[in-house]
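Reviewing the structure listed below.
The values are calculated or read from the model by the stated rules, or taken from the named source; none is laboratory data. No experiment lies behind these values; they were computed from the predicted model shown. We place every Cβ from the backbone using ideal geometry, glycine too, and count neighbours over all the protein chains shown. Surface areas here come from the heavy atoms of the whole protein model, side chains and all, with no ligands, DNA or RNA. Shrake-Rupley method; radii C 1.70, N 1.55, O 1.52, S 1.80 Å.
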Amino acid sequence: MVSWNRRFKQKTTLQELGTIWNCTPRNVKWIIRRLCTAGWIAWLPGRGRGNRSTLTILISEAEVVLTLAKEATSKGRFHDGVRLLEEHDVDVMTRGRFVHWLEGQYGYRVDNNENSQLDTLRLPFYRSMPNLDPLFTLRRTEWHIARQLFDTLVTKSDEDDEIIPYVAYYWETDNTETT
């Protein structure tokens, strides 16, 4: 993988880029606008006939791959994000930044909207879990997650129907008698 420590400049034409990208000059202009808007390149068009334009790459390949991997993962395509990092052989530091970002994407999160509060638990999993209602779960994986979600804090013992801790590890009882 190429890693630039400073900006990389190249003189080129729309026709040359069209040949490289296998598209029309019109699409080349569209791609250039998109890349400029993203902040990945700077484009200085050549003025006059025969003057070549200057394409300046502003961001390293590792940064582009990291951005695309984050985007794919955010859209639910986790494997595509990881595959991008592997195919482009990014450095350990970039992989570490991706893992750090990824850790912030999963787990328990509370999102406060204007009128409500939304509790969300995101887990990376290789297939969707359309139903976690214990009554309607079909797959073993769905049942396993549903059991953990719906475990009770306390349970009754089989011997003497005494209430004992299950998920809860501590609680207080009010022993005051009311008459």
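In this structure, residue 84 does satisfy being closer than 24 Å to residue 32 by Cα, open to solvent by less than 50 Å² (accessible area, probe 1.4 Å) and among the hydrophobic types (A, V, I, L, M, F, W, C).
The single condition among (1) in a helix (DSSP H, G or I); (2) over 14 Å from the mean Cα position of the chain (by Cα) that residue 80 does not satisfy is (2). When you look at residue 76, is it farther than 25 Å from residue 7 by Cα, of a type outside the set (Phe, Trp, Tyr), modelled with pLDDT under 90 and in contact with a Ser or Thr (Cβ under 8 Å, 6 or more places away or on another chain), yes or no? So residue 76 fails the test.
Consider region 1-14 and keep the residues that are basic (Lys, Arg) and at pLDDT below 90. The one that is most open to solvent (accessible area, probe 1.4 Å) is 6.
For region 141-153, the criterion of a residue being open to solvent by less than 100 Å² (accessible area, probe 1.4 Å), farther than 30 Å from residue 63 by Cα and assigned to a loop (DSSP other than H, G, I, E, B) is satisfied by at least one position.
Take the conditions over 29 Å from residue 38 (Cα atoms), outside any loop (DSSP other than H, G, I, E, B), out of contact with any helix residue (DSSP H, G or I) (no Cβ under 6 Å at 6 or more places or on another chain) and of a type in the set (Asp, Glu) and apply them to residue 119. Does it pass? So residue 119 passes the test. No other residue among 119, 158, 89 is in contact (Cβ under 8 Å) with a residue 40 or more places away in the chain and either basic (Lys, Arg) or open to solvent by 80 Å² or more (accessible area, probe 1.4 Å) (or both) apart from 89. Checking each residue in region 16-58 for being outside any strand (DSSP E or B) and of a type in the set (S, T, N, Q) picks out 19, 22, 24, 27, 37, 51.
Taken over region 38-65, the criterion of being in contact with a Cys (Cβ under 9 Å, 6 or more places away or on another chain) and open to solvent by less than 50 Å² (accessible area, probe 1.4 Å) is satisfied by 42 alone.
Scanning region 105-114 for residues being open to solvent by 60 Å² or more (accessible area, probe 1.4 Å) and in a helix (DSSP H, G or I) gives a total of 0. No other residue among 35, 102, 68, 17 is out of contact with any Leu (no Cβ under 7 Å at 6 or more places or on another chain), open to solvent by less than 70 Å² (accessible area, probe 1.4 Å) and closer than 24 Å to residue 123 by Cα apart from 102.
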